Structure formats: C-alpha cells, structure tokens
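Only one structure is covered here, and it is reproduced in the block below.
The values are calculated or read from the model by the stated rules, or taken from the named source; none is laboratory data. All values derive from a computational prediction rather than experimental measurement. Note: ideal-geometry Cβ built from the backbone for every residue, glycine included; neighbour counts use all protein chains shown. Note: accessible area is taken over every heavy atom of the protein model, side chains too, but ligands, DNA and RNA are not part of it. Shrake-Rupley method; radii C 1.70, N 1.55, O 1.52, S 1.80 Å.
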Amino acid sequence: MRDRVFLLSGASRGLGRATAEVLVAEGAYVVISARDEDAVQRTAASLGTARAVGVAADNADPASAERLVATAMAKWGRLDGALISVGGPPAGSAMDTDEDEWRRAFESIYLGTLRLCRAVAAACRDGGSIAFVLSSSVRSPIANLAISNGLRPGLAGLAKTFADELGPAGVRVNSLLPGSFDTERTRELAAQSGDPEAYRRRREAEIPLRRFGSPAEFGRVAAFILSPVASYVTGTTIAIDGGALRAI
C-alpha cells in the first residue's frame with residue numbers, strides 16, 4: 001500500500017475514518033471528505049498532514065466527485081481507488097417517509113455514489129480498487145430503515161455492473177456490508193429507539209459473536225479489499241457483521 005493514493009468519502013468519523021487510519025498506517029496517502037468542514041479537517045490533522053488531506057464535500061453536489069479526484073491528482077499525481085460511503089439515511093417506514101426525503105437520499109446516496117465511482121475509475125490509470133460501503137440491508141431489510149432498504153440493494157447491483165464494465169481496465173469494484181458497529185450512527189439509531197441499552201442488548205443477541213464490531217475491525221477488511229493483495233476479488237459483496245446475516 002506504500003505511496004498509493006485513496007479517496008474516502010464520508011470519512012470524518014466511523015467506518016470511513018477507521019479505514020483511513022489503516023491505510024495511512026500502511027503507508028498510503030488519503031483524501032478524506034465529509035460535509036462538516038471542521039470535522040473533516042480535524043480528522044485529516046489527526047491522520048497527519050503529510051499523508052492526509054481533508055475536503056468538505058456533499059455527495060449530493062454534482063461537482064463534488066470531480067473536485068475530490070482533482071484534489072488527489074493535484075496533491076499526489078495519482079489515484080489508486082476509493083472507499084465510497086455516505087451518511088445513513090433517516091429512519092422511517094416505507095408508508096410514512098416523505099417523498100422529499102427519498103429524493104434527497106437518492107441524490108446523495110445513489111447518484112453521489114455513481115458520480116464518485118465514475119470519476120475515480122477514470123483517474124485510476126494503472127488499475128485500482130473501489131469499494132462501496134453499503135449495509136446488511138442489501139440482503140435483509142432492517143426495520144424502520146425503508147430508504148436504506150430501498151437504495152442499498154440497488155447500489156450493490158450497480159457495483160456489480162461497474163465490476164463488469166471496469167474489469168478489463170484492471171479496476172475492481174466490490175461492496176462491503178457492515179452490520180452493527182460501535183459508531184456514532186449506531187448510537188444515534190439506538191437513541192431513537194427510546195431505550196438505547198435495550199436496543200443494544202437486543203441487537204447483540206442476534207449476532208453470533210454476541211457483540212458489536214469495532215470500527216477498526218471494519219477498517220482492516222476494507223483496506224485489504226482496496227489493496228493489491230485482493231487483486232482477484234471483484235464484483236462481490238462481503239458481509240462484515242459478526243455472522244448476523246442468515247443468508248448464505
């Protein structure tokens with residue numbers, strides 16, 4: 001991984017940040033993005049300014065993808081791949097979630113991912129690796145997360161399509177399906193349940209390993225998939241969930 005360059009969206013905290021930490025520790029350079037300027041700059045500084053650049057960007061903005069890629073090229077002259085993640089959509093049922101929420105989520109989650117994948121792939125001149133951070137909802141819907149249940153499976157299909165189209169150019173595309181991790185997002189969902197402790201106990205009881213994962217456990221798998229060590233892995237979905245998914 002030494003001296004390779006990766007773009008990570010939604011990486012000021014949580015799973016994206018954990019992956020950036022592993023990549024930098026392995027000698028890579030990273031461009032990290034998030035909507036919050038202060039948060040993304042703090043994270044970049046914590047990673048070390050010699051190897052990390054933070055950029056405030058909203059994936060819903062059609063100009064963000066090209067701007068992020070341009071930042072990597074201007075700073076280090078190359079791009080070797082990306083971890084593409086967006087914030088989790090708001091909770092809600094399919095019957096009650098307002099259409100405007102669906103539109104905003106589609107613009108950010110779906111079209112934002114599409115734009116980033118296109119821009120990164122075009123810049124990977126010597127092949128590369130792109131990973132979509134999706135959700136276990138790709139294979140099994142999660143109660144009260146209708147938007148995630150609707151959009152994430154479509155993105156898994158898009159990743160597979162990109163793998164087919166970009167494979168001849170040496171660009172690999174995979175999907176990562178995180179389960180329950182001890183992140184800010186998980187704690188937010190727990191708070192919305194009305195009883196965070198009961199929520200966590202219930203979720204942990206459904207996981208064969210009987211615990212939430214640490215962000216670092218996700219980061220190590222994501223970094224492996226982005227690395228040349230995984231050079232024959234493309235077009236697949238990889239669950240990182242402690243065994244929670246019951247599908248084979």
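Tell me the residue from Ala159, Ala169 that is surrounded by 13 or more Cβ atoms within 10 Å (Cβ to Cβ), touching a residue at least 60 places away in the same chain (Cβ under 8 Å) and closer than 27 Å to Gly112 by Cα, please.
Ala159
Could you say whether any residue in the range 224-238 is within 30 Å of Arg4 (Cα to Cα), part of a helix (DSSP H, G or I), open to solvent by 60 Å² or more (accessible area, probe 1.4 Å) and in contact with a Lys or Arg (Cβ under 6 Å, 6 or more places away or on another chain)?
No, the range 224-238 contains no residue that is within 30 Å of Arg4 (Cα to Cα), part of a helix (DSSP H, G or I), open to solvent by 60 Å² or more (accessible area, probe 1.4 Å) and in contact with a Lys or Arg (Cβ under 6 Å, 6 or more places away or on another chain).
Scan the range 196-216 and tell me whether some residue there is under 30 Å from Ser129 (Cα atoms), part of a strand (DSSP E or B) and at pLDDT 85 or above.
yes
Name the residue, out of Ala119, Ala25, Ala123, Ala94, that is small (Gly, Ala, Ser) and farther than 30 Å from Tyr232 by Cβ.
When all the criteria are applied, what remains is Ala94.
Could you grab me the full set of residues in the range 19-50 that are open to solvent by 10 Å² or more (accessible area, probe 1.4 Å) and not aliphatic (A, V, I, L, M)?
Glu21, Glu26, Tyr29, Arg35, Asp36, Glu37, Asp38, Gln41, Arg42, Ser46, Gly48, Thr49
I'd like the full set of residues that are part of a helix (DSSP H, G or I) and small (Gly, Ala, Ser), limited to the range 179-195.
The answer is Ala190, Ala191.
Please identify the pairs in which a residue from the range 48-69 that is within 23 Å of Arg103 (Cα to Cα) has its Cβ atom under 7 Å from the Cβ atom of a residue that is among the hydroxyl-bearing types (Ser, Thr, Tyr), counting only partners at least 6 apart or on another chain.
If the second residue must be among the hydroxyl-bearing types (Ser, Thr, Tyr), the pairs left are Ala57/Ser33; Ala57/Ser64; Asp58/Ser64; Asn59/Ser9; Asn59/Ser108; Ala60/Ser108.
Could you list, in sequence order, the residues of the range 7-18 that are in a helix (DSSP H, G or I) and either open to solvent by less than 10 Å² (accessible area, probe 1.4 Å) or at positive phi (or both)?
Gly14, Gly16, Ala18
May I ask you to list the residues in the range 58-79 that are part of a loop (DSSP other than H, G, I, E, B) and open to solvent by less than 10 Å² (accessible area, probe 1.4 Å)?
Leu79
Count, please, the residues in the range 90-146 that happen to be in a loop (DSSP other than H, G, I, E, B), more than 20 Å from Ile240 (Cα to Cα) and either open to solvent by less than 50 Å² (accessible area, probe 1.4 Å) or polar (S, T, N, Q) (or both).
Qualifying residue count for the region: 5.
So which residues in the range 172-203 are in contact (Cβ under 8 Å) with a residue 60 or more places away in the chain and crowded, with 18+ Cβ neighbours inside 10 Å, if there are any at all?
Hits for the range 172-203 are Arg172, Val173, Asn174, Ser175, Leu176, Leu177, Pro178, Gly179, Ser180, Phe181, Thr183, Leu189.
Looking at the structure I just gave you, is Arg4 within 15 Å of Ser227 (Cβ to Cβ), open to solvent by 30 Å² or more (accessible area, probe 1.4 Å) and not acidic (Asp, Glu)?
Against the criterion (within 15 Å of Ser227 (Cβ to Cβ), open to solvent by 30 Å² or more (accessible area, probe 1.4 Å) and not acidic (Asp, Glu)), Arg4 qualifies.
Which condition number in (1) closer than 30 Å to Ser193 by Cα; (2) touching a Gly at 6+ places or on another chain (Cβ under 7 Å) is the one that Asp58 fails?
Failing condition for Asp58: (2).
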